[in-house]
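In what follows, a single structure is set out as structure tokens and then discussed.
Read-outs throughout are calculated quantities, based only on the coordinates presented, and are distinct from any laboratory measurement. This is a predicted model, so every value here is computed, not measured. We place every Cβ from the backbone using ideal geometry, glycine too, and count neighbours over all the protein chains shown.
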Amino acid sequence: MAQMLDDDPRIIEFDVRTDEMLVNMGPQHPSTHGVLRLVLRTDGEVVSEVEPHIGYLHRCAEKIGENLTHRQWIPYTDRMDYLAAMNMNLGWALAVEKLMKYQVSEKARHLRVLITELNRIASHLVGMGAYGLDLGTFSPFLYAFREREKILDLFEEACGARLTYSYITVGGLTADLPAGWLAKCEAFLEQFEPIIKEYHALLTTNAIFVKRTANIGVMSRELAIEYGCSGPVLRGSGVDQDMRRDGEAIYTAMYDGYAFEVAVMKNGHYPRDHDYPAVPADAVLGDCWHRFFVRMLEVVQSMDLVRQAMDRYSACKGPLGEPLKLTEKMPAGDAYLETECPKGQMGFYLVSDGSAIPWRVRARSSSFSNLAVAHELCRGCLIADVPAIVGSLDIVMGEIDR
Amino acid sequence: MNSVVASAVPLFGLFTEPVSVAHYLVVGAILFVSGVACMALKRNALGVLMGIELVLNGANVNFVAFASPYLQGEGSRSLGLDGQVFALFVILLAAAEAAVALAITLNFYNNHATVDVDRADDLKG
Amino acid sequence: MAEFLINTVGLPDWLAWTVTAMVAAALILNVIAGGALVFIWAERKIAGRIQDRLGPTRTGGKFGWLQSLADGIKLLAKEDLMPDGADGMLFRLAPYVSFCASFCAFIALPFAFDFVGQRMNVGVFFVIAVLGLEVFGVILAGYASASKWSLFGAMREAAQVVSYEVPLGMCVVVPVMLAGSMDLVTIAEKQAGWLTNWYLFHDPFTFVIFWVYVTCAVASVNRAPFDLAEAESELVAGFHTEYSGLRWSYFFMAEYGSMFLVSALAALLFLGGWNGPVPVASLLGLSEGTGDTAGYFVRLLGMANLLGKATLGVLIMMWIRWTLPRLRIDQVMMTCLKYCTPIAAAMFLGAMLWQVALPGGLVPALRRPAGEIREGWLPGPGGAFALPSADAGKVAKVNP
Amino acid sequence: MISALSMIAGISTAAPLPVAAINWHSVFFLLFAAIACGFAVAVVAAENVVRMAFYLVLSLGATAGLFFLAGAEFVGAMQLMIYVGGTLVLLVFGVMLTAQAPLVAIKGSGRDRVLAGFVGVALLAVLLQSAFSVKPWRAAAAGMVAEPAATPIGMSLVGVRVDDPAGGAPATNKRPGYMLPFEIVSIHLLVVLVGAAYLARAKRRKTPRAIEVAASVEPPASVAEHASIGRERQRSGSVLAGGRS
């Protein structure tokens, strides 16, 4: 297809050559997730070059971080990846705890795993629904949000907020779970199990969906590693890396004792921990379909993790333990920690001069590098493929612009 | 009752008089002439193409007029079915002709970035 | 009706005929307008139900049935914007061209035995021809909106509609061949009687061609998986991005009009038109001829039957729309050229051979002794070149 | 306009009235003739090539109406489908592909227009004179409705002439069927369309001249601000013709 232009530069295959057009997709375009502006250089239907313009959602979160104490900055992390605010809070909290070499109680650790995995399910549901929208079908979006509402109800009961929770904070969590919450969570997981098959039927194995995503925007392992992609985008290209297993000690300590396999295609097939539809024939490793499929596998995997975390959380007795004081002094020095967020590896770096207010704060965004590869994948594709490829990268502008 | 109006055609009188083949020929003539004028006047290659379409349609109107079952020729034989089949073939071939003409025009546009007929002055295509 | 106006009402002759024509036109216009109103409401309700939500409930009464009226008023009240770079005249004219094409096709569409605007001998051919004119409204809208996105949408839709006209034409030819005439009324009459007389079940080839027809019809009306023109995820809203208010509603009416038209055509060609699955009228001993009121009742029954089938077709189109994602432009073209056209051609050939091999249809053929030479195979008066019996009387003898 | 086309025309062919009253056949003939000729002249007069295309569509639509009126229903529907629905869509595609800003309205010089007008009028006079010199034909008897021509045309294309000999010609002479021309036209169409497709999609080797033309046009360095590109192209005409303007 138009993907591979002839290697001989002198021969150019073209239809009736119309004038090359510069076309603007965004920033208020319905299919770019949030305010992203893509300038496409197109020749007829074939896109020859894509240049993303970002910065429309920049709020100087990092500069403000230099005037607030570590716990006061937690709400800013909520608003970076607003679809997975719990994971963002956890990332910042762990980075500060790593600097202060503070160890939270075991009960708090298991509760953190429980909450962040639930948030991963919610984030992937949004990713799946929005991807359906990019390809033109409206119904899966509503099915996904129906389930996500139930998770948000659970969060609302736990910490009062539905989107920007600030629940996980430096030194533990702001409050313990209310009574009966675990039973509700169990009930949600129970009824959520068969609905996954619905999503597979609706999208993953849908013939038109496969036609629109299989073999589109193929990204090789080397390209993914070279651009620093991470998360489902990286695992979609077959790179076996997951911070929950390969991350730093303080982060992987939360997950030791948990049984889970990284959702990546190793020598030809995905982990067989549950029955999932077969990979379609013309799907090539690293294309849009595989990135989407990895996210669907991670949803099921997170459900297992939530169940294990619930058992371990209810097993350990005793209080949850208080988080650190608002103005707890931090030792001088710096710390950097990457955690596995739904979109990819989200890194937090802080430099402290000994007071409670960090001297410098920096966040490494996973969507930023995932988006960077978009102009590589979209070269030579059709206009209708651009939203399909950008949608499969599952980017969130809040996290990119910060 | 069927006295056809002589040379001058008082249009308002026509509302009650039946139409004769001469009226169809007038319409055919006007279409034909506007086609020729269009071909002569337009500098845009597609304008010339539209002129050709008009000329072909002028001819078609005449064919159908002579073949019409409502207008039977006293002096000479009406075309009967042949006229309609001829008109059919004209329509088909006009489609083919338009396809080739457009392919040539677009190729010309590719090489010279213009469809202005006056610019097509060098033979080397 | 014209005689009534002239004799009893005493109108001058030319006014009477004009009034009759206007009444006929108004009736057809109301079929589309009424249809559009119902379908707007039905689309929202079906979309709701498919997406596990309720759809409109509060606008007027229990089931939100006034929703279409609310939409209509909103569209009327909305300001008709026009982008400054737009080509004024074409921008204003495009929606009306599109609507006229869709409306014009209803003229040849029979609703019951003689409930038809104008019974044309080339009925089917005329409907398909006029359906193809709708593309002009789209192209003009796309060009006149002076924006790249509208131009993309217009070019895509034009290419799609023009290329799907080929397989659509081929699918339509099969019922015409079976009925021996292009007149829609004759085609529907030939399918009278029980369900088995429908052309859908006439032979396996027509069954397959029906489904190819459905695909091509959905594609040529720009719905469901083939709705490239207004692909919101890529082209914002395709050719009618810059339209708002009343002008936009004309495009909307044109789309619903041609959706209803295409499903009514499917009902007429393959599903027996106004002859229901169970021939209620003939069972009761009534027919068009028997008496004035009985004949009128039979025609009403037939019309209700046809409207039911057409609405069913439209509902199915809506159902498809809310479940399937959208195809890419080259995949749409590929399905047309690689799948629809060859299958339609093969099935057409199959249906023709079936017709030659078993002229009377399957059952009588099975009863005949195998060895006997089929009467249809011999050239000559009664042979393959014989005219369909219906017209034989009127036309002169075949000269050898 | 299109909606009036066959609906009213159809009614007129169905039940013509006694001649004394309004002759509907003539009324609709005048209506369609006026539309056809009016828009044909509009095509000549129009400057913008897209408007010319639109006027042409209306003119040919009205001509299809004339065919219906003249009793050639099959040819009328054929004209609507093949000519207006096919050929003109192709033409409008051509217009869309080449309608860049400077090319849309190319002005003809004044002198040409006068000359063309004069030649046109002279040609028209000759044609009208010959049109009226045709001996007056017998108009149709009132109430006569032509029987449908679709089947006879179809059979004649297959080579069997089933229509009764028209116009009092002796029935004995055998009138030829149109089997051969029908086959020739179908082969011809195939060849032409394949050729046209090949012409339009030819694989171009980048000729040295094209490289030099492309080089002369300074390509926008990076994908600069979209608006500035637009303005700069407006001034220098289309990017491709940059070298020449």
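Structural remarks
- At R0 = 41 Å, FRET efficiency that the Cβ-Cβ distance of A:Asp43 and D:Ser130 yields, to 0.05: 0.20
- Extension gain (nm, one decimal) between B:Phe89 and B:Leu123, 0.36 nm per residue minus Cα-Cα: 8.9 nm
- Rounded to 10°, Cα long-axis angle of helix A:181-199 versus longest principal axis of chain A: 10
- Exposure rule at most 16 other beta-carbon atoms within 10 Å, DSSP loop GluC sites (Glu not before Pro): chain A longest free segment: A:21-247
- Within-10-Å neighbourhood charge of D:Val44 [Cβ basis; K, R +1; D, E -1]: +2
- With the simple spin-label model, which puts each label point 7 Å out from Cα in the Cβ direction, the C:Trp65 to A:Leu182 separation comes to 5.4 nm.
- Per-residue ellipticity at 222 nm computed for chain C from its helices equals -20000 deg cm²/dmol, with DSSP H segments shorter than 4 residues left out and the rest contributing -39,500 (n - 2.57).
- Mean-square fluctuations from a GNM of chain A, with a 10 angstrom spring cutoff on Cα atoms, peak among A:Leu326, A:Leu38, A:Leu99 at A:Leu326.
- Counting Cβ atoms of other protein chains within 10 Å of each Cβ in C:114-125 and taking the mean gives 5.
- Mean Cα-pair separation over length for region A:211-267, i.e. relative contact order, pairs under 8 Å, 6 or more apart, %: 29
- Inter-label distance, nm, simple model (7 Å from Cα along the C-beta direction), A:Ala249/A:Lys197: 4.6
- Choice from A:Arg41, A:Arg272, A:Arg295 with maximal GNM fluctuation in chain A (Cα, 10 Å cutoff): A:Arg272
- Above-threshold pairs, the threshold being 27 Å between Cα atoms, out of A:Lys63/A:Lys329; A:Lys101/A:Lys325; A:Lys63/A:Lys98; C:Lys309/C:Lys338; A:Lys197/C:Lys338; A:Lys343/C:Lys148: C:Lys309/C:Lys338; A:Lys197/C:Lys338; A:Lys343/C:Lys148
- Residue among A:Lys63, A:Lys317, A:Lys107 with the largest mean-square fluctuation in a Gaussian network model of chain A, springs linking Cα atoms under 10 Å: A:Lys317
- Only Lys, Arg (+1) and Asp, Glu (-1) charged, at Cβ; chain C dipole about Cα centre in debye: 840
- Degrees between helix A:139-159 axis and first principal axis of chain A (Cα, 0 to 90, nearest 10): 10
- Theoretical ellipticity at 222 nm over chain A - DSSP helices of four or more residues, -39500 (n - 2.57) apiece, nearest 500: -13000 deg cm²/dmol
- Using C-alpha pairs under 8 Å with a sequence gap of at least 6, the mean separation divided by the residue count of chain C gives a relative contact order of 19 percent.
- Sparse-neighbour loop sites [GluC sites (Glu not before Pro); region B:17-125; at most 13 other C-beta within 10 Å; DSSP]: B:Glu74
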